[in-house]
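Comments concern the structure below.
The values are calculated or read from the model by the stated rules, or taken from the named source; none is laboratory data. Quick caveat: nothing in here was measured; it's all calculated off a predicted structure. For neighbour counting, all protein chains shown are included, and Cβ atoms are generated from backbone atoms with ideal geometry for every residue, glycine included. Surface accessibility is based on the protein's heavy atoms, side chains included, excluding ligands, DNA and RNA. Shrake-Rupley method; radii C 1.70, N 1.55, O 1.52, S 1.80 Å.
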Amino acid sequence: METALVLVKSEISHEMDVMRQLLKIDQVKEAKGTFGLYDIFVKIEANSSLEIADIITRQIRKIPYVISTTTLSVIPEQNKN
């Protein structure tokens with residue numbers, strides 16, 4: 001199982017719209033609003049890094065009001081929790 005953390009920027013006042021759509025994606029395990037440079041923190045778990053890339057490019061980035069994403073890949077050897 002692969003894990004990625006995605007930082008999402010959305011259009012102002014549409015954060016909740018984006019978060020509702022994110023939570024409809026099966027592989028999204030967590031989505032939380034944040035203050036600062038990014039608006040939403042997203043945790044994705046999938047079978048492979050290719051599946052994660054597909055989720056980000058074909059699903060998350062196509063959600064209305066998403067401006068940009070930054071993806072942090074978790075180091076598998078350190079993901080033992």
Residue by residue through the stretch 10-34, note down the ones that are part of a strand (DSSP E or B) and either within 23 Å of Gln78 (Cα to Cα) or without any contact (Cβ under 8 Å) to a residue 12 or more places away in the chain (or both).
Val28, Lys29, Glu30, Ala31, Lys32
Matching residues in the stretch 1-13 - criterion: being of a type outside the set (S, T, N, Q) and either in contact with a helix residue (DSSP H, G or I) (Cβ under 6 Å, 6 or more places away or on another chain) or buried (at least 16 other Cβ atoms within 10 Å of the Cβ) (or both)
Glu2, Ala4, Val6, Leu7, Val8, Lys9
Could you look through the stretch 41-81, keep only residues that are within 16 Å of Gln21 (Cβ to Cβ) and out of contact with any strand residue (DSSP E or B) (no Cβ under 7 Å at 6 or more places or on another chain), and pick out the one that is most open to solvent (accessible area, probe 1.4 Å)?
Arg58
So which of Leu7, Leu37 ends up being in a loop (DSSP other than H, G, I, E, B) and not polar (S, T, N, Q)?
Leu37
